[in-house]
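Heads up, the thing below is written out as structure tokens.
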Number of protein chains: 2
Amino acid sequence: MTKKYSYLNGKVVLTEKAKISIHDLGVMRGFGVFDSLRSYDGVPFLLDAHISHFHESARLIGLKPPVGKDEIAGIIKNLVKKNGNPDAAVRMVLTGGESDDTVTYNIETPTFFVTVEKIQTYPPEVYKKGVKIISVENERRIPNAKTTDYILMFSLQKLKREKNAFEIIYFSRGRVLEGSTFNFFIFKGNKLITPRDGVFKGETRNFTLSFAREMFKVEEREALIRELKTADEAFLTSTKREIMPVVKIDSLKIGNGKVGENTKRLMAVFRERVDEFVARNRGL
Amino acid sequence: MTKKYSYLNGKVVLTEKAKISIHDLGVMRGFGVFDSLRSYDGVPFLLDAHISHFHESARLIGLKPPVGKDEIAGIIKNLVKKNGNPDAAVRMVLTGGESDDTVTYNIETPTFFVTVEKIQTYPPEVYKKGVKIISVENERRIPNAKTTDYILMFSLQKLKREKNAFEIIYFSRGRVLEGSTFNFFIFKGNKLITPRDGVFKGETRNFTLSFAREMFKVEEREALIRELKTADEAFLTSTKREIMPVVKIDSLKIGNGKVGENTKRLMAVFRERVDEFVARNRGL
């Protein structure tokens, strides 16, 4: 097995030696934020947007990355190259750092690390046939911050398996929100609707909207659960999944239960735009 | 400074060398449970109850402690002795362990550790005068599990300081619940009321109820926010704070704004019962 490297508090280290104190507030209190992105053919995708959002998440919960945005970009580019995975899953994490009493922390001495792993992708059938998701009531407290609290996700794994679902989407007070790791969209005819409030607006979501606006009428607004019944198509977006069609939610078939034409068009343009991004940013 | 020791995955180690992987799901995903207790004069207080509850918390989120209850008790007793802090804060933590993809985990290879620190107590005035707390709307998703997700607590520290509050209590849909680290009680005359559902029923709460039942009429039930207006006394309980009187909630003065007689009686009996427990369990 080839050696893997991570970045931890100022140093590039062998991943197997990248360790933090058990007194770190990231593990004692789940006090941390993160962001994840992927590289395509060695080029970190939407790198600057992810780093900016990471800084914003940190600010929202009272943390401050110990290094600036440009420096983080440099760390990530170096690590992707060093690990020799052109198609990698990159993750940056910031926690409150060590604390003796599990409450007090120094904003100047957080724990900051970056990991790079081979990306796990999905088989082509998933994109051809679309997936089934199920819904659960939940609303995150600090939706604009990408925090490291995924207890709910883990506690719902059993339900997901039992229901034979690909993923779980959260709703609250009649509104459709997001999944634990994705954003959600529906089409009504040629109108594309996606939630704007109460969700973490991921970079893949924002990137998708940037070209969807050239192709469709886009509404960023509250999406109501009852609108799902009249939706013609649905899909989710995330760093890892890109644009993934959704054909069933609980027992409700979306449209005719097949991947819709508008979604297919967006998926094709997504691919083109990624290629453009990679070509433009190669060697930077 | 004297050397401190912790227990980590099967071994007693120097605390400064007790480290876990950055790939641990405890830090990557905040996927963990814990329990904390204190020792009085070298005797871990309510040890068995805390360990049982810890096992139950683990079960509820899909984890399993790698060692049995008796073995955990032995680890804690040994560590309290070895660290030479007769009055110590003990904390046991269990996480999902290491994961390459930050989702998949093996229930058989979790991370389990125990820390022992000198307990931080509060000045006597706090107990003589009582404290002011403020309220925030929040309801935990898995209230019966003591999970490591304290993002909300950290994000509310600024508000707490601004409002000059000692602690924050959560309410939801008209009901009073609990704080991030304590349970809550009110007296109406000689009737003691404390929430039963939607809260983590801490060991200090249960212990307090055990002797309060001999002294007062006790109701474990939904406590409504509007009942606070007619409450004569209020207090909170936790491992670290024991029984601490509450005399103000937001702008509402509880009773006459002074520590009530019933609360004082409970505090006195609490002290007696702790002494009895310590005498009974010394040397075990």
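The values are calculated or read from the model by the stated rules, or taken from the named source; none is laboratory data. Because the structure is predicted, anything quoted here is derived from the model rather than measured. When we count neighbours, we look across all protein chains shown, and the Cβ atoms used for this are built from the backbone with ideal geometry, even at glycine.
So here's what we get for this one:
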{"read-out": "Restricting the stretch A:121-140 to residues that are charged (D, E, K, R) and in a helix (DSSP H, G or I), the residue that is nearest to A:M267 (Cα to Cα)", "value": "A:K128"}
{"read-out": "Failed criterion for B:V126 (all others in (1) touching a helix residue (DSSP H, G or I) at 6+ places or on another chain (Cβ under 9 Å); (2) more than 14 Å from every other protein chain (Cβ to nearest Cβ) hold)", "value": "(1)"}
{"read-out": "Residues located in the stretch A:90-123, provided they are more than 23 Å from A:I76 (Cα to Cα) and surrounded by fewer than 22 Cβ atoms within 10 Å (Cβ to Cβ)", "value": "A:E98, A:S99, A:D100, A:D101, A:V103, A:T104, A:N106, A:Y122, A:P123"}
{"read-out": "Residue among B:T121, B:T95, B:T109, B:T115 that is at pLDDT 95 or above and within 17 Å of the chain's Cα centre (by Cα)", "value": "B:T115"}
{"read-out": "Candidate set: the stretch A:219-235, residues that are in a helix (DSSP H, G or I) and not acidic (D, E); chosen: the one farthest from A:G179 (Cα to Cα)", "value": "A:T230"}
{"read-out": "Among (1) within 14 Å of chain B (Cβ to nearest Cβ); (2) touching a residue at least 40 places away in the same chain (Cβ under 8 Å) - the single one A:P65 does not satisfy", "value": "(1)"}
{"read-out": "Failed item in (1) more than 16 Å from A:P110 (Cβ to Cβ); (2) surrounded by 20 or more Cβ atoms within 10 Å (Cβ to Cβ); (3) not hydrophobic (A, V, I, L, M, F, W, C), with A:S52 passing the rest", "value": "(2)"}
{"read-out": "Evaluation of B:L60 against (1) more than 8 Å from chain A (Cβ to nearest Cβ); (2) farther than 30 Å from B:V247 by Cβ (one fails), failing number", "value": "(1)"}
{"read-out": "Strands (runs of 3 or more DSSP E) fully within the stretch A:141-218 counting 2 or more residues that are under 25 Å from B:G32 (Cα atoms) and at pLDDT 95 or above", "value": "A:167-172, A:175-179"}
{"read-out": "Single unsatisfied condition, A:I249 versus (1) within 30 Å of A:S52 (Cα to Cα); (2) surrounded by 14 or more Cβ atoms within 10 Å (Cβ to Cβ); (3) among the aliphatic types (A, V, I, L, M)", "value": "(1)"}
{"read-out": "Test: residue in the stretch A:38-49 that is under 30 Å from B:K118 (Cα atoms) and more than 14 Å from chain B (Cβ to nearest Cβ)", "value": "no"}
{"read-out": "Condition check for A:V33: within 14 Å of another protein chain (Cβ to nearest Cβ) and either assigned to a helix (DSSP H, G or I) or touching a helix residue (DSSP H, G or I) at 6+ places or on another chain (Cβ under 8 Å) (or both)", "value": "yes"}
{"read-out": "Residue among A:G74, A:G84, A:G97 that is free of Cβ contacts under 8 Å to residues at least 24 places away in the same chain, more than 23 Å from A:D250 (Cβ to Cβ), away from every other protein chain (no Cβ under 11 Å) and not β-branched (V, I, T)", "value": "A:G74"}
{"read-out": "Only listed residue being in contact with a helix residue (DSSP H, G or I) (Cβ under 8 Å, 6 or more places away or on another chain) and surrounded by fewer than 18 Cβ atoms within 10 Å (Cβ to Cβ), chosen from B:G189, B:G198, B:G174, B:G257", "value": "B:G174"}
{"read-out": "Filtered residues of the stretch A:22-76 (kept if under 26 Å from B:S155 (Cβ atoms) and small (G, A, S))", "value": "A:G26, A:G30, A:G32, A:S36, A:A49, A:S52, A:S57, A:A58, A:G62, A:G68"}
